[in-house]
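Visitor: Submitted below is the structure of interest, expressed as structure tokens.
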Amino acid sequence: MPDYARITRVPFPAGEVFDWHLRPGASSRLTPDWLQMRPVDPLCAVESGVAAEFEMRLGPVPLRFRVGCREIDHGRRIVQAGSGPMWSFSHERLFRSVLAEQEPEGEQHAAEAACRLEERIHWQASGVRRLWPERRTVAALSRLLDFRETRLERDLARHASAASSGSMRIAITGASGLVGAALCSFLASGGHRVERLVRRPAASDRGEIFWDPARGEIDAASLEGVDAVVHLAGANIAGRWTREYRRHILESRSVGTGLLAKTLASLSRPPRVLVSSSAIGFYGDTGGRVVDESAAAGEGFLAQVCRAWEAATLPLEDAGVRVVHLRTGIVLTPRGGALARLLPPFRAGLGGPVGSGAQSMSWIAADDAIGAIHHCLTCDTLRGPVNATSPEPVSNAEFGRVLGRVLHRPTRLPLPAALVRMALGEMGEQLLLASQSVAPARLLDSGFRFELPGLEAALRFALGR
């Protein structure tokens, strides 16, 4: 049976690293987006004798496999085992405390400690082994563990930076969406209690709260005593903007936000903070200007939507609750959104600039988007508009060149502006051809640290390259 082993030094106490691995959401955080695999329940926890189910796609074919926890030696050892249609494996993690490295002067901080994390993986392939040789398995495991080490350390650092805020009870709308699902896993693995607002019958034992904004219904009693709310729900803006779909986009944001804000304001114990999603569409086409949160609203349908979206929180602001309007740029993840739509043509060598390619794109790495929400939840000085964009916007042409370089593909086929307008109408004009150079001034001023401010590093991390 082939073996793979690795030893990593994690700069956090071993007990803290061990506890993180057992919390709900940790398995999701350790699963990279580029693997196209995810737990069926993103908030599953590692428990002895309990198996979690994962789903993975092999092209168009969905595959399911189970990962069970075989043994837990508290603070020291976790052993998991899994099986799928083509292989089986066991994964042993050993956690050991080590003293912090000595200072240059030779003084040692005995109170500080790090973790020596040893991972031992054993696997056995089925009859397809000849099609998937051992060297490819080793390379895939090395790539996976590189990702896990990076994300583990970054997540622990983010939670440590806000440790003074303590554990919170946080309600989240849009929890199954692109950002929402990852946010739930991040917060739960950090020790927070996450409750998801859902439109189907709610399972209270799984931390669900019912709401139906289209019908004006919400379980207000279950929101009593929440410390914070993150509001991410809203209809997808991609598609042709017919009159009916424009109304749907607008109402999915303004009506839902209004219902939530009025309900929270009426509680006997309202939350301390609401982080309500908005978008950099608020600024419209900025042309050659770089704008920050002090800029006025722009023109166009998206600016109109964002103004109504943000105005709908007024009842809660009037009640004295801190409200943050997170104006988010293009979130980079292969699981959905703009990057997922770009990957097929770029992988086929059919990518290139859209229109002139000179228009600015304000983007943000998925982990930084989640980190920005967490920062807004825990930084009491932030309120009002906050831009969630990388401090390094790029032109559309540069974005295409960098993506092509990461994928090792040519990027010589432009998409003419006339074709964009003909195929997508106003949506294509505002989303693909408009220039938006948006600075995250308030995040930076409040001490937020971007982990992936540069485009190439962000794409390589997102795509496992």
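Visitor: Using the Kirkwood formula on the Cα atoms of region 148-209, what hydrodynamic radius do you get, in angstrom to one decimal? If you can, show how the numbers build up before the last one.
Guide: Numbers: mean 1/r = 0.0798 Å⁻¹.
Taking every pair of different Cα atoms in region 148-209, averaging 1/r and inverting gives 12.5 Å.
Visitor: Can you pull out the GluC sites (Glu not before Pro) in region 221-315 that DSSP calls coil and that have at most 15 other Cβ atoms within 10 Å?
Guide: Of the GluC sites (Glu not before Pro), the ones in loops of region 221-315 whose Cβ has at most 15 other Cβ atoms within 10 Å are 224, 299.
Visitor: So what is the relative contact order of region 187-305, in percent, for Cα pairs below 8 Å that sit 6 or more residues apart? Could you put the intermediate results ahead of the total?
Guide: Values: 128 pairs, mean separation 25.8, N = 119.
Value for region 187-305: 22 percent.
Visitor: In whole Å, what three semi-axes, largest first, describe the equivalent ellipsoid of region 239-349 built from its Cα gyration tensor (square root of 5 times each eigenvalue)?
Guide: Values: eigenvalues 174, 57, 49 Å².
Semi-axes (√(5λ), whole Å): 29, 17, 16.
Visitor: Based solely on its DSSP helices, what 222 nm [θ] is calculated for the chain when runs of n ≥ 4 H residues each add -39,500 (n - 2.57) and the sum is averaged over all residues, nearest 500 deg cm²/dmol?
Guide: On the way: 13 runs with 155 residues, N = 465.
After summing the helix terms and dividing by residue count, I get -10500 deg cm²/dmol.
Visitor: May I pose another question? To the nearest 10 square angstrom, what accessible area does residue 159 show with a 1.4 Å probe?
Guide: Rounded to the nearest 10, that gives 30 Å².
Visitor: With a 1.4 Å probe and every protein chain kept in, tell me what percent of the accessible surface of the chain is carbon plus sulfur.
Guide: Values: 11080 of 21190 Å².
Ligands and nucleic acids excluded, carbon and sulfur reach 52 percent.
Visitor: Additional query: Lys/Arg Cβ at +1, Asp/Glu Cβ at -1, dipole of region 167-238 taken about the Cα centre: which of 190, 230, 177 is farthest positive-ward?
Guide: Towards the positive end, the residue furthest out is 177.
Visitor: Something else about it: For the chain, divide the Cα radius of gyration by the Kirkwood radius and give the resulting Rg/Rh value with two decimals.
Guide: Numbers: Rg = 23.0 Å, Rh = 23.7 Å.
Ratio value, two decimals: 0.97.
Visitor: Regarding region 378-448, what's the average projected area of the Cα-atom convex hull, expressed in nm²? Write down the numbers at each step before the final one.
Guide: Details: hull surface 27.7 nm².
For region 378-448, the mean projected area of the Cα convex hull comes to 6.9 nm².
Visitor: Can you give me the Cα centroid spacing of region 407-465 and region 149-203 in angstrom?
Guide: 26
Visitor: Would you mind telling me the antiparallel percentage of the DSSP bridges in the chain, rounded to 5? Walk me through the numbers on the way to the answer.
Guide: Details: 50 of 84 bridges.
So the antiparallel bridges amount to about 60 percent of the total.
Visitor: Under 18 Å from a point 7 Å along the Cα-to-Cβ line of residue 214: which residues of region 258-298 have their amide N that close?
Guide: Under cut-off, by backbone N: 258-260.
Visitor: I've got another one for you. Given a 1.4 angstrom probe, what's the average accessible area per residue across the chain, in square angstrom?
Guide: On the way: 21190 Å² over 465 residues.
Per-residue value: 46 Å².
Visitor: Apply the Karplus curve 6.51 cos²θ - 1.76 cosθ + 1.60, θ = phi - 60°, to the phi angles in region 316-330 and return the couplings in whole Hz, x for Gly and Pro.
Guide: Computed from phi, the couplings for region 316-330 are 6, 4, 5, 7, x, 7, 5, 10, 10, 9, 8, 8, 8, x, 6 Hz.
Visitor: If the chain between residue 116 and residue 294 were fully stretched, how many nm would it gain, using 0.36 nm times the residue separation less the Cα-Cα distance?
Guide: Numbers: separation 178, 0.36 × 178 = 64.08 nm, distance 4.65 nm.
Contour length minus the Cα-Cα distance gives 59.4 nm.
The values are calculated or read from the model by the stated rules, or taken from the named source; none is laboratory data. Being a predicted model, the structure only gives us computed values, none of them experimental. Heads up, the Cβs are rebuilt from the backbone with ideal geometry, glycines too, and the neighbour counts pull from every protein chain shown. Surface areas here come from the heavy atoms of the whole protein model, side chains and all, with no ligands, DNA or RNA. Shrake-Rupley method; radii C 1.70, N 1.55, O 1.52, S 1.80 Å.
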